[in-house]
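Engineer: Here it is: the structure, laid out below.
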Amino acid sequence: MNTMTKYWTVDPFYDPQNPSIQEAAQLILSGQTVAFPTETVYGLGADARSKEAVERIFQAKGRPSDNPLIVHVAKRSQLDLFVGEVSETASRLIDEFWPGPLTLVLPVKEGTISPNATAGLNTVAVRMPDHPVALSLIEACGCPIAAPSANRSGKPSPTRAEHVLEDLQGLIGGILDAGPTGIGLESTVVELRSRTIHILRPGGIGVEQLQKISSNVSCEESGDRGHQANEAHNPRSPGMKYTHYAPAGEMLVVQGTFPEQVTARMQSEVDKAKRSGAKTGVLTFDEHVSRFHADFIVSLGSKDHLETAASRLYDALRQFDRENVTFIVAEACPQDGIGLAVMNRMLKAAGYRFVQM
Ligand code: TXA
Ligand code: MG
């Protein structure tokens, strides 16, 4: 299926007169897909009520049909249309974090959202994005918008419109370009079991923030390796069992207490790969960048500012691809705050190839 992808540039500070958003909304209401910016990553939106429209998302992404989509709303009252009971804890999370990078898995009302958007589950993942363009688009559509990240399945999520075009040009109806997204990693997905907030995917809202709402926060998807088995056997969030965020080259993550040891091991892995003919890449932090010799070196910013690392990670992974790097060694980061999500994505990108020093 090849189609002409419409391209609109919109002011990230939002210009309410901009007709592009209305045009994009019309395209969505006619059953097509449109990529749009959110505060996390670009999403690929379609009318969540329409089986055919949602099917177009799965086709464009090459996404397995058992991996459900996140449904986006612009107003809390939209939930009444398609969500069953909202528990007290869910309600408090919504009050505290919406609009923002928190997705809640809630009971779905049958016959509202198209079953292919929820992969036939009796729950629906919902969020309200904190981006003026996303909110205006959803509002202009007047319906819930199903939107996974706007990348080909398995590739790093798009944090810039160029990334979307790299993966999906000719496969989607249109794209609203409002420049780079802010957070750069996806929303935190949570499910509530009695009073426990269960993190299915770490993301833009950290554990520490969730603990303000309930002291019972648990995390299925941590950055550690032991988790892999867990995920493979019984993923509560179906998407977590698939390879994700992967660059084309092979990737290895090195973690340890002493930076000298970590960077020395990283360099020795680069040297070894170089000897066997690889084009080598290093993914590190400002503090250590000068320690490496490799074909292509990318810094995620200071180790003391992991928000920057989050915003740069996916673009960095795509840069290695553009440079045809075949072996990447990456430096692990602390897992506080957004660091948990950064490590989670790094390990997934590496297919859990991991060295602990
Ligand atoms: O930041 C984000 O969340 C971005 C932007 C575009 O909003 N969206 C995004 O969607 O990351 P996607 O489809 O790439 O990831 C959705 C995740 C998957 O891991 C999926 O399995 C999980 O949410 N999910 C969706 N519905 C679910 C459900 N009913 N129960 C459990 N997990 C669910
Ligand atoms: Mg995704």
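Engineer: Could you compute the FRET efficiency for K51 and H305, with r as their C-beta to C-beta distance and R0 at 45 Å, rounded to 0.05? Numbers along the way, then the final one.
Structural biologist: Values: r = 44 Å, r/R0 = 0.98.
My answer for the efficiency is 0.55.
Engineer: What is the distance in Å between the Cα centres of region 182-207 and region 1-79?
Structural biologist: So the two Cα centres are separated by 22 Å.
Engineer: For region 110-210, what log10 I(q)/I(0) values come out of the Debye formula at q = 0.14, 0.16, 0.25 1/Å, with one point per alpha carbon and no solvent?
Structural biologist: Each listed q corresponds, in turn, to -0.70, -0.91, -1.50.
Engineer: Let me ask another. Between L192, A248, Y314, whose Cα lies farthest towards the positive end of the dipole of the chain when Lys and Arg beta carbons carry +1 and Asp and Glu beta carbons carry -1, centred on the Cα centre?
Structural biologist: Result: A248.
Engineer: Which one of Q169, V86, G154 has its Cα pushed farthest toward the positive end of the charge dipole of region 56-195, where Lys and Arg give +1 and Asp and Glu give -1 at the Cβ?
Structural biologist: Farthest towards the positive pole: G154.
Engineer: Same structure, new question: To the nearest 20 debye, what charge dipole does region 153-214 have about its Cα centre, counting +1 at the Cβ of each Lys and Arg and -1 at the Cβ of each Asp and Glu? Mind dumping the intermediate values first?
Structural biologist: Numbers: 6 positive and 7 negative charges, 83 e Å.
My answer is approximately 400 debye.
Engineer: Select from A273, A117, A246 the residue whose mean-square fluctuation is largest in a Gaussian network model of the chain (Cα-Cα springs shorter than 10 Å).
Structural biologist: Answer for the Gaussian network model of the chain: A273.
Engineer: Mind listing P(r) for the chain? All alpha-carbon pairs, 10 Å bins, whole percents.
Structural biologist: 6, 25, 33, 24, 10, 2, 0
Engineer: Same structure, new question: About the Cα centre of the chain, how large is the charge dipole given +1 on each Lys and Arg Cβ and -1 on each Asp and Glu Cβ? Please answer in debye to the nearest 20. If you can, show how the numbers build up before the last one.
Structural biologist: Numbers: 34 positive and 41 negative charges, 173 e Å.
Dipole about the Cα centre, nearest 20: 820 debye.
Engineer: Taking only C-alpha pairs under 8 Å that are 6+ residues apart, what is the relative contact order of the chain in percent?
Structural biologist: Values: 808 pairs, mean separation 68.3, N = 357.
Result for the chain is 19 percent.
Engineer: For region 260-275, in order, what is each residue's ³J(HN,Hα) by Karplus, 6.51 cos²θ - 1.76 cosθ + 1.60 with θ = phi - 60°, in whole Hz (x at glycine and Pro)?
Structural biologist: Ordered by residue, 3J(HN,Hα) equals 4, 5, 5, 5, 5, 5, 4, 5, 5, 5, 4, 4, 4, 5, 4, 4 Hz.
Engineer: Given 25 °C and 0.890 mPa s, compute D for region 267-331 with the Stokes-Einstein relation, Rh being the Kirkwood radius over Cα pairs; round to the nearest whole µm²/s. The partial results should precede the final answer.
Structural biologist: Numbers: Rh = 11.9 Å.
D = 207 µm²/s.
Engineer: Once R0 is set to 22 Å, what does the formula 1/(1 + (r/R0)^6) return for the Cβ-Cβ distance between Y7 and Q319, expressed as a FRET efficiency to the nearest 0.05? Intermediate values should be presented prior to the final figure.
Structural biologist: Working: r = 22 Å, r/R0 = 1.02.
So the FRET efficiency works out to roughly 0.45.
Engineer: Per residue, how many Å² of accessible area does region 39-99 show with a 1.4 Å probe? Before the final figure, lay out each step's value.
Structural biologist: On the way: 2460 Å² over 61 residues.
Per-residue value: 40 Å².
Engineer: Work through the residues other than S299 whose Cβ is under 14 Å from its Cβ and net out their charges, Lys, Arg +1 and Asp, Glu -1. Working shown, then result.
Structural biologist: Working: positive: R291, K303, R312; negative: D286, E287, D304, D315, E331.
In short, -2.
Engineer: Something else about it: If I take every Cα pair under 8 Å that is 6 or more residues apart in region 239-357, average their sequence separation and divide by the length, what percent do I get for the relative contact order? Walk me through the intermediate numbers first.
Structural biologist: On the way: 217 pairs, mean separation 49.5, N = 119.
Averaging sequence separation for qualifying contacts and normalising by length gives 42 percent for region 239-357.
Engineer: Turning to a different aspect of this structure: Between region 138-180 and region 269-346, what's the alpha-carbon centroid distance in Å?
Structural biologist: 25 Å
Engineer: Counting pairs of alpha carbon atoms under 8 Å apart in space and at least six apart in sequence, what relative contact order in percent does region 247-307 give?
Structural biologist: On the way: 55 pairs, mean separation 14.6, N = 61.
Reported as a whole number, the value is 24 percent.
Engineer: If the viscosity is 0.692 mPa s and the temperature 37 °C, what translational diffusion coefficient in µm²/s does Stokes-Einstein give for region 1-140 when Rh comes from Kirkwood over Cα pairs?
Structural biologist: Values: Rh = 15.7 Å.
This corresponds to a translational diffusion coefficient of 210 µm²/s.
Engineer: Another question about this same structure. Leaving out ligands, DNA and RNA, and with a 1.4 Å probe, what % of the accessible surface on the chain is carbon or sulfur? Walk me through the numbers before you get to the answer.
Structural biologist: Details: 6990 of 14470 Å².
After summing per-atom areas, the C and S share lands at 48 percent.
The values are calculated or read from the model by the stated rules, or taken from the named source; none is laboratory data. On a predicted model such as this, the values are computed, not experimentally measured, just so you know. Cβ: placed from backbone, ideal geometry, glycine included. Neighbour counts: every protein chain shown. These area figures cover heavy atoms from the full protein model, side chains too; ligands, DNA and RNA do not enter into them. Shrake-Rupley method; radii C 1.70, N 1.55, O 1.52, S 1.80 Å.
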